[in-house]
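S.K.: Take this structure first; my questions come after.
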Amino acid sequence: KTVILNLAKLNYDHQIDLSPISALTTVTAYDSSSPEEIIERLQGQDIAITKELPMGKDLIAQFPPSIRLICEAGTGFNNIDLDAAREKGITVCNVPGYSTEGVAHLAITFILNHSSSLSRQQIMLSRKNFVNFTEHLTVPHFEVNGKTLGVIGGGAIGREVMKVAVALGMDILVYDPIPRDWGNPRIQSASLEDLLRQSDFVTLHCPLLPETRHLINKERLSLMKPTAYLVNTSRGPLVKEADLIEALQQGKIAGAALDVHEVEPLSPDSPLFTLDNVVLTPHIGWQRLESRQRLFKLMAGNIEAFLKG
Ligand code: NAD
């Protein structure tokens, strides 16, 4: 028996076919669940499917013994206390790779959006200041070919970003603790500091871990070129948002595009909303229709493998 605890986060448009999972187990689905409802709804269930619901030590300690498997419907599983799950003999599985292209192509979209000044032109036009229309001459507008892209985290998404960026004629610097042959002379490994100093764009594709929290802070931002642009489609807390806001307000870097935020949803009071050199999306990297359908197929594969032992 499987319970989906927050289906509305996954199937808000009712376009996703749940049959890959319902063909394997009896599925009960709820649009959303509070911590109290989670405990209530897990009673008598074997498998719990969650999308980013916080499952800390105290909550997991209250899970009924029937629960054998938690399926995180996503790549990152920093919302689940793995030690607490292990202690209760609960297996946790995630789904890597279901939205690799979607996230990578969002990062590329942010890069091209900045270089083509698309959002800035839109903002200026929407102010309808056609009489004194010289502002458009002042915003960055340039070709990406020949520019340097710094990729922090050369995993699945980072590599897809590199593939497209190389096709666009960019040179790539990669920082990843696991050294690899990137298979293209335009892609070179670099230290984090060298990458930050030399890149025209910096894009984050590493996981959120204790050692990567606030990886981008005041000190690291100060290494970046004043013309450099930061893209974060990975996890909000990789960036110390207060330091980024200060750097953006003081023109220490040219701008930023953020799909993820230190606290989500982003507070309506955030100064980020007031900055013309910032593009914001509400954590949509994983959400493309095909990605969500792939997610359910891959989750069904995890459940099938678990049921087969
Ligand atoms: P992946 O595991 O394939 O790659 C992660 C890479 O980061 C690995 O190569 C790893 O060696 C590297 N890494 C680990 N520690 C590092 C560090 N300290 N500094 C630099 N690199 C480090 O994961 P992926 O599929 O490429 O996904 C990357 C991240 O993207 C995920 O962790 C997730 O948080 C995020 N993500 C976001 C969305 C979204 O909706 N915006 C969707 C999916 C994934």
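S.K.: To the nearest 20 Debye, how big is the dipole of segment 192-309 about its Cα centre, given +1 on the beta carbon of each Lys and Arg and -1 on that of each Asp and Glu?
M.R.: Here the size comes out at about 420 debye.
S.K.: What does the net charge come to around residue 47 if you take all other residues with beta carbon closer than 15 Å to its beta carbon, with K and R at +1 and D and E at -1?
M.R.: Around residue 47, the charge tally is +3.
S.K.: Here's another thing I want to ask about it. What relative contact order, as a whole-number percentage, does the chain give when Cα pairs under 8 Å and 6 or more residues apart are counted?
M.R.: After rounding, I find 16 percent.
S.K.: Skipping prolines and chain starts, which residues have an amide H placed within reach, meaning under 5 Å, of the one on residue 261, given they are 5 or more residues away or on another chain?
M.R.: When sequence neighbours closer than 5 places are left aside, the close amide H contacts are 236.
S.K.: Can you tell me, using C-alpha contacts under 8 Å and at least 6 residues apart, the relative contact order of segment 1-150 as a whole percent?
M.R.: 17 percent
S.K.: May I pose another question? How are the alpha carbon pair distances in the chain distributed across 20 Å bins from zero to the largest one, expressed in percent?
M.R.: 31, 52, 17, 1
S.K.: Count of lysine pairs in the chain with Cα atoms under 25 Å apart, counting only pairs 8 or more residues apart in sequence or on different chains?
M.R.: 26
S.K.: Loop only per DSSP, at most 13 neighbouring Cβ atoms within 10 Å: give me the GluC sites (Glu not before Pro) in segment 208-291, ordered by residue number.
M.R.: Counting only loop positions with at most 13 other Cβ atoms within 10 Å, the GluC sites (Glu not before Pro) in segment 208-291 are 211.
S.K.: Counting alpha carbon pairs within less than 8 Å and at least 6 residues apart, what relative contact order, in whole percent, applies to segment 89-180?
M.R.: For segment 89-180, the relative contact order is 30 percent.
S.K.: Same structure, new question: Using θ = phi - 60° and the Karplus relation 6.51 cos²θ - 1.76 cosθ + 1.60, list the HN-Hα couplings for segment 256-272 in order, rounded to whole Hz, with x at every Gly or Pro.
M.R.: Karplus values, whole Hz, x for Gly and Pro: 8, 10, 10, 8, 10, 9, 4, 10, 10, x, 4, 5, x, 7, 4, x, 4.
S.K.: Taking the alpha-carbon centroid of each part, what is the distance from segment 14-80 to segment 215-274 in angstrom?
M.R.: Each part reduced to its Cα centre gives a spacing of 33 Å.
S.K.: Just to be sure I understand the model, the point goes 7 Å from the Cα along the line to the Cβ. What's the resulting residue 125 to residue 32 distance in nm?
M.R.: Reported label-point gap for residue 125 and residue 32 is 3.5 nm.
S.K.: A further question on this structure: About the Cα centre of segment 1-155, how large is the charge dipole given +1 on each Lys and Arg Cβ and -1 on each Asp and Glu Cβ? Please answer in debye to the nearest 20.
M.R.: 400 debye
Rule-based calculations on the coordinates, nothing more; no lab input. Because the structure is a prediction, the values reported are computed rather than measured. We place every Cβ from the backbone using ideal geometry, glycine too, and count neighbours over all the protein chains shown.
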